[in-house]
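Derivation of every value follows stated rules applied to the coordinates shown; laboratory data play no part. This is a predicted model, so every value here is computed, not measured. A quick note on method: Cβ atoms are made from the backbone with ideal geometry, for glycine too, and the neighbour counts reach across all protein chains shown.
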Amino acid sequence: MTKSAIKIENLTKRYGKTNVVDNFSLIIEKGHIYGLIGPNGAGKTTIMKILSGLALQDNGIISMFGDSKNLDDQRKRMSFMIEAPYLDGSMTAQENMMFIRYVRGVANVNRIDEILKFVGLSDTGKKIVKNFSLGMKQRLGIGMALLSSPEIMVLDEPVNGLDPEGIVDVRNLLKKLCDEQGISILISSHLLSELSELCTDFAIINHGKLIESFSAEELETKCRNHITIKTN
Ligand code: ADP
């Protein structure tokens, strides 16, 4: 039996008297790309922060790779990019990668060039990150998240604010990661249309509650032009 990558059961998080995540459950299967879709303030970032250990839930159980007890150990198999990637604008792409390599203790220095090539930034040379487009910065952030060879990536609104070309670049990159390296991805957006061509599965969230979840095939069926005729 294949274990799920992440299992979220009845997750609740309160700020003051408000349940910003409200009895939320979701299973993320290995090798799938899950889109967490909801308007601003729906609770997407809070769920991702709880998964990363940056926030604590008030209720609910999280399992990672079938383990609900040693989450800090399991988190080492994952990478998170929550809110904005941490980048130093005064350094080049290579230098930013080198910094994260030291922080994470990644032994293989060749991995930096491999990843920069993979995310399409190998020709940026001496250009400092301050002068990168937003799309380039997001791709570098994803590259930094890849350094530790994660099995799951959690990405908070990585296409927010990108122009259509930037969205396509990030989408192709994530698709490639899932197809070629079998990485499972949880990605959030406030627009279903931004992720509709990328994700294999979708979860719609509002006011912290799971409204609906469906596969890409089910989405296609829902969106197909049709006429409904009701008869008595
Ligand atoms: P989303 O990522 O979907 O835009 P968030 O998870 O960031 O939503 O926020 C969900 C709700 O929780 C919002 O109403 C937000 O104001 C509130 N919230 C988030 N973080 C905090 C915090 N540290 N303290 C109080 N309220 C918070």
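Key figures for this structure:
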quantity	calculated
Helices (runs of 4 or more DSSP H) within the range 118-223 that include 1 or more residues of a type in the set (Ser, Thr, Tyr)	192-195, 216-223
Matching option when the condition is of a type in the set (Ser, Thr, Tyr) and away from the ligand (no atom under 16 Å from the Cβ), among SER52, SER90	SER90
Cβ-Cβ under 6 Å pairs, at least 6 apart or on other chains, the range 26-46 side within 20 Å of LYS175 (Cα to Cα), far side within 8 Å of the ligand (Cβ to nearest atom) and in a strand (DSSP E or B)	LEU36/SER188
The one condition in (1) within 20 Å of ILE204 (Cβ to Cβ); (2) more than 7 Å from the ligand (Cβ to nearest atom); (3) part of a loop (DSSP other than H, G, I, E, B) that ALA42 fails to fulfil	(2)
Hits in the range 1-39 (condition: basic (Lys, Arg) and near the ligand (Cβ under 9 Å from one of its atoms))	LYS13
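One line per residue, one yes/no per condition, for (1) under 14 Å from LEU186 (Cα atoms); (2) surrounded by 12 or more Cβ atoms within 10 Å (Cβ to Cβ):
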residue: LYS44; (1), (2): yes, yes
residue: ILE47; (1), (2): yes, yes
residue: SER52; (1), (2): yes, yes
residue: LEU56; (1), (2): no, no
residue: GLY60; (1), (2): no, yes
residue: PHE65; (1), (2): no, yes
residue: ASP73; (1), (2): no, no
residue: PHE80; (1), (2): yes, yes
residue: ALA84; (1), (2): no, yes
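The rows are residues; the columns are (1) surrounded by fewer than 17 Cβ atoms within 10 Å (Cβ to Cβ); (2) in contact (Cβ under 8 Å) with a residue 24 or more places away in the chain; (3) within 20 Å of ASP88 (Cβ to Cβ).
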{"position": "ARG139", "(1), (2), (3)": "no, yes, yes"}
{"position": "ILE167", "(1), (2), (3)": "no, yes, no"}
{"position": "LEU177", "(1), (2), (3)": "no, yes, no"}
{"position": "GLN181", "(1), (2), (3)": "yes, no, no"}
{"position": "LEU192", "(1), (2), (3)": "yes, yes, no"}
{"position": "ILE205", "(1), (2), (3)": "no, yes, no"}
